[in-house]
């Protein structure tokens, strides 16, 4: 650029004018073509970015990769089995304590954090997501909840259902940018219904899942009552037995009841009472009354059979399988989301680089334009136009840098349980993987792809399990339509005992003799009073 004035000054005036005129027109044409040229450069860079490698070139990877940490294994406790009666007899009926929630990041995060930067490959990002992502951690709790539903059904109770919706608490990685909205269902799920729960409107239930004959508790039910009463009652007639009737009563009742899978019910009752009273009309005080009965009942039509009485157990087991499928779908969805966030981060780095080069080109153009204006080959308005271009490119660079910071934050949020660690919160996330396209795409027949989708899609597996639950309910409802017919047998006995009530005058031989003695004494006194001496 600096050689142009020297060239045309050294010649003659006409030649110099011709040189100057020709050079100025070329520069003016070049200035007008700058926006087109810059747009072409930007499109070329974007095309190269999309069609070729997306490796991170701005930030070099560490020279020596750290050793890969061992994967963290999660051990799920089996809640389908109760605690043993030994050594604690009431152990099966005591609550199980869950371990406290661990919100610390796994050691893998520390190994990847070096020199204030978090170097991530795609495999590292997926591994961290499987270990730390909160959506997966919450979905993992549904497996234990489904186990407790099986334990509840084994006792003869109805199922409560398990949430099968996807958790959407991790922002980013969706086609709509942030996009990750929290679902309206339990725990942030996207589906408000639960497996085994019917939904309806205006009080109308549209689902009959789990309907059928009444099921007696399969767990033994032991009941007992102990009662003490003391009562003083004013007599209002001649048959009260005393002006004020005093009565003390003690009652002790015990019962045992248990149902079985074939519609059989066993009940045993043992009732006892002890009563003391001062009433003349009660011959025994205290009086002891006891009765015992063992009763075995078998449903013959409605409620008979293994299938209708164990329907809740089968439905709970199917719901447990559905929770496995839902967890697998959650893992697939979260991993897909992590991959999208990862490539969004790679794109953000490349976009910053493109915007920096575009700004550098605009600044160089502005510098050249100012020099051309100084020597009179361009109009001053061209400087304003170049300054406007520089300002626009600076704005685009600021937007790109802001988006890069946002993508780094989204990545750290998706891969960690907490960001309380200042080193992690301030760390730059540097992706180290690049897109690798095969030289030749494998050609798979469409029929094979469709069959693979039918066999492995989680939604279809959940639908098949739901149909199986509906079939179980249909059989139970058919049994419910049968008439009630029961066969029962019982054995029992009762007894009454106690001491003679001392308030009753005529109830024993001794009291009769005493009364005869009193009559003789009265007769002797009467005789002595009537016979003169």
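Nothing in this text is a laboratory measurement; each read-out follows from the coordinates by a stated rule. Here the structure is a predicted model, which is why all the values come from computation and not from measurement. Positions of Cβ are generated from backbone atoms using ideal geometry, with glycine treated the same way; all protein chains shown enter the neighbour counts.
Which distance in Å, rounded to a whole number, links the C-alpha centroids of segment 453-470 and segment 385-418?
Their Cα centres are 43 Å away from one another.
So how far, in whole Å, is the C-alpha centre of segment 258-279 from the one of segment 321-355?
Their Cα centres are 63 Å away from one another.
Along Cα→Cβ, 7 Å out, is where each label goes; now give me the distance between the ones at residue 289 and residue 222 in nm to one decimal.
For residue 289 paired with residue 222, the spin-label model returns 2.7 nm.
Separation between the residue 81 and residue 491 pseudo-spin-labels, each 7 Å from Cα along Cα→Cβ, expressed in nm?
About 3.6 nm separates the two model spin labels.
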